[in-house]
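The values are calculated or read from the model by the stated rules, or taken from the named source; none is laboratory data. In this text, all values refer to a predicted model and were calculated from it rather than measured experimentally. Cβ coordinates were reconstructed from backbone atoms using ideal geometry, including for glycine residues, and neighbour counts include every protein chain displayed.
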Amino acid sequence: MTELQRLLHAYDAYRAAGQACALASVVAVAGSAYRRPGARMLVTDDGQLTGAISGGCLEGDARQRARRTIQQGRPTLITYDSTDPDDDLQFGSALGCQGVVQILLEPLDFQNPDNPMELLRRWATGPEEMGVLATIYSVESQEAAQVGHRLLLTASGRLEGTIAVETEGYEAILADARAVLLAGQPATRRYAVGAGNMGVSLEILRPPVGLTVYGAGNDVQPLVRLAAGLGWRVSVVDGRPAQAQARRFPEAETVRVLPLEQVPHQPATDGFVLLMTHNYYYDLAVLRHLLPGPPRYIGLLGPRKKYERLLTDLQQDFPEAAQRLAGRVYSPVGLNLGAETPEEIALSVVAEIQAVLAGRPAGFLRDSPHPIHPPLQADAPYLREGRVEVTCSL
């Protein structure tokens with residue numbers, strides 16, 4: 001279950017119970033922070049929490065402020081600033097992160113079909129495609145749209161939300177949303193509107209990772225559990241009816257039997273693919289089927305010599321096989337963690353896929369000269385008013 005799915009599940013429960021709640025969203029970050037824009041947390045009027053906006057340091061204070069937001073019935077922007085490490089540790093948030101995090105707190109109106117949770121639900125339940133969610137989080141002019149108004153743009157061009165076309169700055173927000181979608185990187189922007197500025201967070205929405213695992217042996221079970229726990233949509237495929245059973249993989253979205261002779265006739269597989277069949281000829285058939293296809297990651301369980309033999313056999317019919325698979329096949333599969341047990345191997349493989357997803361080389365963070373997260377695109381200084389002084393409640 002993804003983080004968004006957990007939030008929607010909790011939101012539906014609160015709505016059914018008639019329990020008032022607020023949404024806390026990270027809308028802007030400068031410097032170091034535990035979570036990025038798009039991190040969300042639901043807070044009920046009696047203080048129940050679902051989700052997270054930090055590693056635990058901000059939740060306690062944000063919970064109290066969110067409850068006040070529910071009582072007041074209007075959104076609030078709060079700023080946690082730890083850019084001065086000495087001042088922060090003695091008087092401020094005590095985060096030690098040396099960064100600025102801005103949180104938008106909004107009371108949720110269950111009767112409003114365009115409240116932020118319902119807007120996110122429509123994206124999550126629609127066609128699986130990337131999107132950009134533009135959120136107005138600060139305004140300095142009465143001519144600007146209201147704080148909390150949003151615009152959703154999907155990769156197919158679908159537009160919806162509460163930022164009206166006639167809103168001043170609409171075209172600029174839409175143009176930046178398209179640029180962010182094309183670049184695949186979030187951003188924050190400030191627009192001159194009326195007599196002041198309007199701050200907008202441009203968040204990337206990504207559909208769940210699709211992972212197809214060929215193989216239904218016992219070593220696949222911990223891998224499916226781990227991948228599904230990350231919110232990935234996992235499909236298990238095997239030619240053995242005794243192995244490919246849904247009861248053996250309750251976390252998988254689908255489990256199906258696919259005999260060897262039917263492999264060439266199945267639809268093209270998208271997303272990420274793992275070959276863990278322990279059957280040379282089944283792996284060969286799947287590789288042949290994937291040769292012209294779209295998967296950018298094909299992980300092959302087994303020693304390097306196995307892939308070399310598979311490639312030699314493929315080249316008998318497809319001389320260009322090496323070029324077509326170059327950069328897509330990961331063999332041996334997984335990060336170099338010294339993994340031996342099925343659980344350790346699952347960790348190694350899933351971690352490698354995550355690194356590929358993020359475009360990172362893996363390795364030890366301590367050895368990297370780069371920040372953990374790439375800097376966010378921002379065209380103006382972050383707001384400093386309303387700085388919160390709170391001690392970490394961990």
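Looking across the range 15-36 at every residue that is at pLDDT 90 or above and surrounded by 20 or more Cβ atoms within 10 Å (Cβ to Cβ), the one that is nearest to Asp81 (Cα to Cα) is identified as Ala28. For the range 168-186, taking the residues that are among the small types (Gly, Ala, Ser) and not in a helix (DSSP H, G or I), the one that is surrounded by the fewest Cβ atoms within 10 Å (Cβ to Cβ) is identified as Gly184. The helices (runs of 4 or more DSSP H) found entirely in the range 284-394 that carry 1 or more residues being of a type in the set (Asp, Glu) and modelled with pLDDT of 95 or more are 304-317, 342-358.
Screening Arg6, Arg63 for residues that are among the basic types (Lys, Arg), farther than 22 Å from Gly229 by Cα, at pLDDT 90 or above and not assigned by TED's automatic domain parsing to the domain that holds Gly148 leaves exactly one candidate, Arg63. Would it be correct to say that Arg189 is touching a residue at least 60 places away in the same chain (Cβ under 8 Å), farther than 30 Å from Arg247 by Cα, out of contact with any Gly (no Cβ under 7 Å at 6 or more places or on another chain) and surrounded by 15 or more Cβ atoms within 10 Å (Cβ to Cβ)? Taking the combined requirement at face value, the residue satisfies it.
Conditions tested, residue by residue: (1) of a type outside the set (Gly, Ala, Ser); (2) modelled with pLDDT of 95 or more; (3) surrounded by 18 or more Cβ atoms within 10 Å (Cβ to Cβ); (4) farther than 27 Å from Ala177 by Cβ.
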| residue | (1), (2), (3), (4) |
| --- | --- |
| Arg40 | yes, yes, yes, no |
| Glu59 | yes, no, yes, yes |
| Ser82 | no, no, yes, yes |
| Leu105 | yes, yes, yes, no |
| Gly126 | no, no, no, no |
| Ile136 | yes, yes, yes, no |
| Leu152 | yes, yes, yes, no |
| Ala155 | no, yes, no, no |
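Could you tell me how many of the residues in the range 110-123 are over 13 Å from Leu153 (Cα atoms) and of a type outside the set (Asp, Glu)? Number satisfying all stated conditions: 8.
Here's the yes/no breakdown for (1) among the aromatic types (Phe, Trp, Tyr); (2) under 28 Å from Glu59 (Cα atoms); (3) in contact with a strand residue (DSSP E or B) (Cβ under 7 Å, 6 or more places away or on another chain):
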{"residue": "Gln102", "(1), (2), (3)": "no, yes, yes"}
{"residue": "Leu108", "(1), (2), (3)": "no, yes, yes"}
{"residue": "Asn115", "(1), (2), (3)": "no, yes, no"}
{"residue": "Gly126", "(1), (2), (3)": "no, no, no"}
{"residue": "Thr154", "(1), (2), (3)": "no, no, yes"}
{"residue": "Gly157", "(1), (2), (3)": "no, no, no"}
{"residue": "Glu168", "(1), (2), (3)": "no, no, yes"}
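Being in contact with a Gly (Cβ under 7 Å, 6 or more places away or on another chain) and assigned by TED's automatic domain parsing to the domain that holds Val356 is a description that applies to Ala268. One residue stands out among those in the range 49-65 that are touching a helix residue (DSSP H, G or I) at 6+ places or on another chain (Cβ under 8 Å) and not hydroxyl-bearing (Ser, Thr, Tyr): the one that is nearest to Thr188 (Cα to Cα), which is Ile53. Within the bounds of the range 132-146, is there any residue that is assigned to a loop (DSSP other than H, G, I, E, B), within 30 Å of Gly18 (Cβ to Cβ), among the aromatic types (Phe, Trp, Tyr) and touching a residue at least 40 places away in the same chain (Cβ under 8 Å)? Taking every residue of the range 132-146 in turn, none turns out to be assigned to a loop (DSSP other than H, G, I, E, B), within 30 Å of Gly18 (Cβ to Cβ), among the aromatic types (Phe, Trp, Tyr) and touching a residue at least 40 places away in the same chain (Cβ under 8 Å). Between Val213, Val165, Val237, the distinction of being under 25 Å from the mean Cα position of the chain (by Cα) and either surrounded by fewer than 21 Cβ atoms within 10 Å (Cβ to Cβ) or not in a helix (DSSP H, G or I) (or both) belongs to Val213 only.
Counting the residues of the range 240-280 that are more than 23 Å from Pro292 (Cα to Cα), under 21 Å from the mean Cα position of the chain (by Cα) and crowded, with 19+ Cβ neighbours inside 10 Å gives 1.
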